[in-house]
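Peer 1: Sending over a structure as structure tokens; questions will come in a sec.
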Amino acid sequence: MELFLSLCLGLGLSASCGFRVFLPMLAANIAAMNGWITPGENFEWLATWPAFFALLMATIAEIGGYYLPFIDNLLDTIATPAAVVAGTLLTTSFIQIDSPVLHWGLGLIVGGGTAGLVQAGTGFLRLLSSKTTAGIGNPVVSTAENVASFSLSGLAIFLPVIALVLVVLMVLWLLKKLIRLRKS
């Protein structure tokens, strides 16, 4: 049961990384510093003050950057690989498996894959917003992504099973949209 809950936590936080890279990491840091969640062995750094200040500054810069027209599109280019790395790291930091290959493999496939898929969907949405509104609608998209990242991070920490259900539904919806887009 503990493995299942840690996978739910990691998957929820990883999907949140698809909306914002650093916000879920900051949420995990705050939760770990308050004892609400416990990172695995070798990931204790996630519950430290230096990590808090670094993640806070990165979160502020990232959120601010997404409100600058066309800088937001550039950030999506950078955020895609960063989201995969952050998703992998967050999932790996909470699952407790003795086999390093399985541990990191699950982190990469489940966490990194989910974060990358969500980031691809949000990047496409921002590109569509830029194209149809000349960038004027992008702050609305950015605000929705901020709310989604914050909310999903909170659900992952406090109600991980519900976060898992939402992530599965969101991933299925994104895959359906991407398949439909590819066919047209």
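The values are calculated or read from the model by the stated rules, or taken from the named source; none is laboratory data. Not measured: the values here are computed from a predicted model. When we count neighbours, we look across all protein chains shown, and the Cβ atoms used for this are built from the backbone with ideal geometry, even at glycine. Note: areas computed on protein heavy atoms with side chains; ligands, DNA, RNA excluded. Shrake-Rupley method; radii C 1.70, N 1.55, O 1.52, S 1.80 Å.
Peer 1: Listed residues Gly18, Gly40; which is over 18 Å from Gly113 (Cα atoms) and modelled with pLDDT under 95?
Peer 2: Sole residue among the options that is over 18 Å from Gly113 (Cα atoms) and modelled with pLDDT under 95: Gly40.
Peer 1: Determine which single condition Leu68 fails, assuming it passes every other condition in (1) free of Cβ contacts under 8 Å to residues at least 60 places away in the same chain; (2) within 26 Å of Glu2 (Cβ to Cβ).
Peer 2: Failing condition for Leu68: (2).
Peer 1: Taking the residues in the stretch 21-37 that are assigned to a loop (DSSP other than H, G, I, E, B) and not polar (S, T, N, Q) as candidates, determine which candidate is farthest from Ala115 (Cα to Cα).
Peer 2: Per the criteria, the residue is Gly35.
Peer 1: Can you tell me which residue within the stretch 128-144, out of those that are assigned to a helix (DSSP H, G or I) and hydrophobic (A, V, I, L, M, F, W, C), is most open to solvent (accessible area, probe 1.4 Å)?
Peer 2: So the residue we want is Val140.
Each row is one residue, and each column tells you yes or no for (1) under 26 Å from Leu169 (Cα atoms); (2) at pLDDT 95 or above; (3) open to solvent by 30 Å² or more (accessible area, probe 1.4 Å); (4) outside any helix (DSSP H, G or I).
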| site | (1), (2), (3), (4) |
| --- | --- |
| Met57 | no, yes, yes, no |
| Ile60 | no, yes, yes, no |
| Leu68 | no, no, yes, yes |
| Leu74 | no, no, yes, no |
| Ala83 | yes, yes, no, no |
| Leu117 | yes, no, yes, no |
| Gly123 | yes, no, no, no |
| Arg126 | yes, no, no, no |
| Ser153 | yes, yes, no, no |
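Peer 1: Given the conditions (1) surrounded by 13 or more Cβ atoms within 10 Å (Cβ to Cβ); (2) more than 17 Å from Met25 (Cβ to Cβ), and given that Leu102 satisfies all but one, which numbered condition is not satisfied?
Peer 2: Against the list (1) surrounded by 13 or more Cβ atoms within 10 Å (Cβ to Cβ); (2) more than 17 Å from Met25 (Cβ to Cβ), Leu102 comes up short only on (1).
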